[in-house]
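K.L.:
Dropping the structure in here first, questions after.
Values in this text are rule-based calculations from the coordinates and carry no lab data. Quantities reported herein were computed from a predicted structural model and do not represent experimental measurements. All Cβ positions, even for glycine, are placed from backbone atoms using ideal geometry, and neighbour counts span all protein chains on display.
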């Protein structure tokens, strides 16, 4: 009996470690996410982190549902007076273990498609990598991502 309990415990640990290694799966993605901040790593390896706490941007939310719909709810204004400025209805599709495609139509009725790398941390956060980003001074990042926290 002890031997079978040990084997079951090892299998459980293997399943948990394999399912939480940062790979994208639909169960991890589906839900409501609030932006926490933006991190950029420069070409020289130095890092820049901008927290969205206490800003209207932290009120935004990205809602991924199981029907591959994505709703982005946006807020704007000064930090003490945030107003909802709209909802954007998009579609998402998982392409492989690390990438999603987001599709939609912009305000000028132009179709667009973007592919983003997505990772999940052991702390339950989601990173959506954003290519070709620059900081507020126009300096290019080697790698950058937005950090999101699940709320539902």
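K.L.:
Would you calculate the separation in nanometres between label points at residue 94 and residue 27, each defined as 7 Å from the Cα along the Cα-to-beta-carbon direction?
P.N.:
About 1.0 nm separates the two model spin labels.
K.L.:
If I take R0 = 25 Å and measure r between the Cβ atoms of residue 152 and residue 44 in this structure, what FRET efficiency does the formula 1/(1 + (r/R0)^6) give, to the nearest 0.05? Walk me through the numbers on the way to the answer.
P.N.:
On the way: r = 39 Å, r/R0 = 1.55.
Rounded to the nearest 0.05, the efficiency is 0.05.
K.L.:
Further question: If packing is taken as the mean number of other Cβ atoms within 10 Å per residue, what is the order of 44-52, 64-72, highest first?
P.N.:
Top to bottom by mean Cβ count within 10 Å: 64-72, 44-52.
K.L.:
Relative to the compact-globule scaling 2.2 N^0.38 Å, provide the ratio for the alpha-carbon radius of gyration of the stretch 24-150.
P.N.:
My calculation over the Cα atoms of the stretch 24-150 gives 1.08.
K.L.:
Sort the following peptides by mean Cβ neighbour count (other Cβ atoms within 10 Å, averaged over residues), highest first: 86-98, 25-37. Let's see the in-between values first.
P.N.:
Values: 86-98: 13.3, 25-37: 16.5.
Peptide ranking by packing, descending: 25-37, 86-98.
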